[in-house]
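*Asks:* Quick one: the structure is below, questions incoming.
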Amino acid sequence: MSLPDVAPHVTADAVAALPTRLRSKLDQALEKQPTWTITSSDSGATIALDDHVTVTLTTPVDAADRAACNCLLAPRCLHRAAVLSAAPVLTTQPHHAVAAGPDVATAGAVVTTEADPPDAAAPSTTAEEKAAAAQVRDVAAQILEHGVAGAGAVTQADLLRAIHQARAVGLPRLATAATRVVEQLRAARRGIPGFRLADLTEDLREALTVCHLLIEGIGDQRVARGTSRRGYSPVGDLHLYGLCTEPLRTTTGHVGAISYLTDGDATIWSLAQARPGDGDTARNAAHSSVNLGDVTLSHRELCRAGIIAVNAHASVDRRLSHGRTTQAVRTTGRSWREEPADALWRQPISEQAARWLNALELARHERPAGHDLAFFDGVLAADQRGLLLKTAQLPGPVTVLAPHDDPVLPYVANLRLLAAHATGRPVRMVGRFHGRRQVHGLAVAAPWLPNRFAGHIDLGVDQLQRADLPGAATTEPPDADQPQPPLHLLAHHLQRVVAAGRSALMPDVDRDLRALLDAQLPTAASVLRELRRAGHRRSRDAFGRLNQQDSTALAGAWLTAAAYQHAATTAAAAGSWQATWQPSA
């Protein structure tokens, strides 16, 4: 069972109402969350914290009176604040209409808003918008000041209040980025397997970037404000063919699966389903049923079948709706060697990489389905880097990585078997671009695979056995990678600040500065030097308190370094894929 979503201001108000002595105990109360008993119903959920205390949440939890505790201190009690602090963030705003059909791929509701006309002039940032952006920036600065360890429930509540204000003044891009930061902080502090420090670092970079654009009034202000997540709209009749399926596992505790399909024009669509669950649920999610109109079949069947959908509905990112307004019938699927799927592999790799890099400039919910998918023909190889794919379009091999290293999913085991017993064999692969000459392996088709896989294997769903593989063939050793600029040194310090705060800037900076200068990266060395200088600068006001301006200066130096690192890494990735790409202004 899971907690219902809670509006940001409800959680923020509950934490702010706590007396100081209880606020200091909030993180300790959240550590007992695994012992809570949650009983869900159509009207909400009842949470038993122990034998005597019960908190009741009535959905939608968008007002204070929809969260009640039976203790004598309620509503200013620790129990109610702890439950609200543990609940997912409600993404649907009251004045927005919920779109038809659940959008559970991101474990959040989709809201419908009217976008500005493309030719409308973007008005300058108002004082209210600048104040909301400054509020988010100040909380983000405190996160960088103390790191994940110091970003407990109280800091998260401050950020939730800033998120509520950003939504109130019409800054959906900022609110979305800050919400992801809250979710990542909670995942980090709870030790959720899907948490990655690099993801939290990227979300903080996005939030601070938007704050900078709004406060300074630079760049396209319409892009800086963003648009709310749009609902599903009619896209006509579609004849779709399944491509592949991958399991989903989010930092909010949701698991499920997403299937990718293609139409007659080789356009990629997705159909996703997710619900609260654990690792065992993630393993079997692709075998659970999913609906498209009147058709019910599993994700594993869907990615090998054909679907004719009449009056189909989809979001702006080509995510298909499960709504009953769609009429659908199942047809025979087609293999990857047949049209229309075969056209995806005929597109040059450089153009595929450019499609991925250009989509990174968009807000996450505006990136089209399959924007980061890579379609390769090649020969398997292996060395100390792991599984490799040699393709005629690139001078060196592509490293194939596992999207998830969680042992409940078969990614790692399948890739190890392929590296040990299928090298030298031709394959057709679907991957996800991950960086410089690296992809996450999603699915593989080959003529030597057993018929029981029905054309291809989904590496996160199907379990390979040794008997399924033909054995390694004699091949030439793969070429060594070309030396790459040591941008990872800068990324390492950026992530250390996120994890541990300004104190992480004390050791090893001089050594890495010299390494960056030796690699002819003077700008990287300069931004790292400024980051260290901002980290060491501490001053006090007339009352002996540490200045807030020092935290703001640290956040500014960190953002400068993070923006450079992001741009330099993206440019290096474009070069490794031989892609023609121009960063946005």
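*Asks:* For Gln438 and His287, FRET efficiency with R0 = 30 Å and r from the beta-carbon atoms, rounded to 0.05?
*Replies:* 0.55
*Asks:* So what is the 222 nm mean residue ellipticity for the chain from helices alone, if each DSSP H run of at least 4 adds -39500 (n - 2.57) and you divide by all residues, rounding to the nearest 500 deg cm²/dmol?
*Replies:* Calculated mean residue ellipticity at 222 nm is -11500 deg cm²/dmol.
*Asks:* Something else about it: Can you compute the FRET efficiency between Ala567 and Thr391 using 1/(1 + (r/R0)^6), with r the Cβ-Cβ distance and R0 = 30 Å? Round to the nearest 0.05.
*Replies:* E between Ala567 and Thr391, to the nearest 0.05, is 0.65.
*Asks:* While we're on this one: May I ask you to list the aspartates and glutamates whose Cα is less than 15 Å away from that of Lys32, ignoring any residue fewer than eight positions away on the same chain?
*Replies:* Asp50, Asp51
*Asks:* Dipole size in debye (nearest 20) for region 210-305 around its Cα centre, Lys and Arg Cβ +1, Asp and Glu Cβ -1?
*Replies:* Charge dipole, region 210-305, about its Cα centre: 260 debye, nearest 20.
*Asks:* So how do Arg367, Arg511 rank on accessible area, 1.4 Å probe, biggest first, that is with the largest at the start?
*Replies:* Largest accessible area first, the list is Arg511, Arg367.
*Asks:* Please turn the phi angles of region 382-396 into ³J(HN,Hα) values with the Karplus equation 6.51 cos²θ - 1.76 cosθ + 1.60 (θ = phi - 60°), one per residue in order, whole Hz, x for glycine and proline.
*Replies:* Computed from phi, the couplings for region 382-396 are 7, 7, 5, 6, x, 6, 10, 10, 9, 10, 5, 7, 10, x, x Hz.
*Asks:* Let me ask you something else. How much FRET efficiency would the formula 1/(1 + (r/R0)^6) give for Ala454 and Ile192, where r is the Cβ-Cβ distance and R0 is 35 Å, rounded to 0.05?
*Replies:* 0.55
*Asks:* Which aspartates and glutamates, on any chain, are close to Lys130 with Cα under 14 Å apart, when same-chain ones fewer than 8 places away are left out?
*Replies:* Asp138, Glu216
*Asks:* Same structure, new question: Please give me the summed charge of the neighbours of Leu72: other residues whose Cβ is under 15 Å from its Cβ, Lys and Arg +1, Asp and Glu -1.
*Replies:* +1
*Asks:* So how far, in whole Å, is the C-alpha centre of region 415-436 from the one of region 170-190?
*Replies:* 34
*Asks:* Carbon and sulfur: what percent of the chain's accessible surface (1.4 Å probe)?
*Replies:* 52
*Asks:* Accessible area per residue, 1.4 Å probe, Å², for region 1-75: what's the number?
*Replies:* On a per-residue basis, region 1-75 sits at 56 Å².
*Asks:* Using unit Cβ charges (K, R positive; D, E negative) and no other charged atoms, how large, in debye to the nearest 20, is the dipole of the chain about its Cα centre?
*Replies:* About 1000 debye.
*Asks:* Something else about it: Suppose all protein chains stay in the model; what accessible area per residue would a 1.4 Å probe give for region 363-471, in Å²?
*Replies:* 36
*Asks:* Per residue, how many Å² of accessible area does region 514-553 show with a 1.4 Å probe?
*Replies:* 64
*Asks:* A further question follows. Net charge within 12 Å of Arg180 by Cβ-Cβ distance, Lys/Arg positive one each and Asp/Glu negative one each, not counting Arg180 itself?
*Replies:* Within the 12 Å Cβ shell, the charges total -1.
*Asks:* Roll a 1.4 Å probe over the protein heavy atoms and report the accessible area of Ser503 in Å², nearest 10.
*Replies:* For Ser503, solvent-accessible area is about 80 Å².
*Asks:* Between region 1-52 and region 327-379, what's the alpha-carbon centroid distance in Å?
*Replies:* Using only Cα atoms to place each centre, the spacing works out to 42 Å.
*Asks:* If you don't mind, there's one more thing I want to ask. For the chain, restrict the atom set to alpha-carbon positions and state the Rg and Dmax in Å.
*Replies:* Cα radius of gyration and Dmax of the chain are 24.9, 77 Å respectively.
*Asks:* While we're here: Once you keep just the Cα pairs under 8 angstrom separated by 6 or more residues, what percentage relative contact order results for the chain?
*Replies:* 12
The values are calculated or read from the model by the stated rules, or taken from the named source; none is laboratory data. Keep in mind that this is a model prediction, so the values were computed, not measured. Here the Cβ is made from the backbone with ideal geometry for all residues, glycine too, and neighbour counts use every protein chain on show. To get the accessible areas, we keep the full protein, side chains included, count just its heavy atoms, and leave off ligands, DNA and RNA. Shrake-Rupley method; radii C 1.70, N 1.55, O 1.52, S 1.80 Å.
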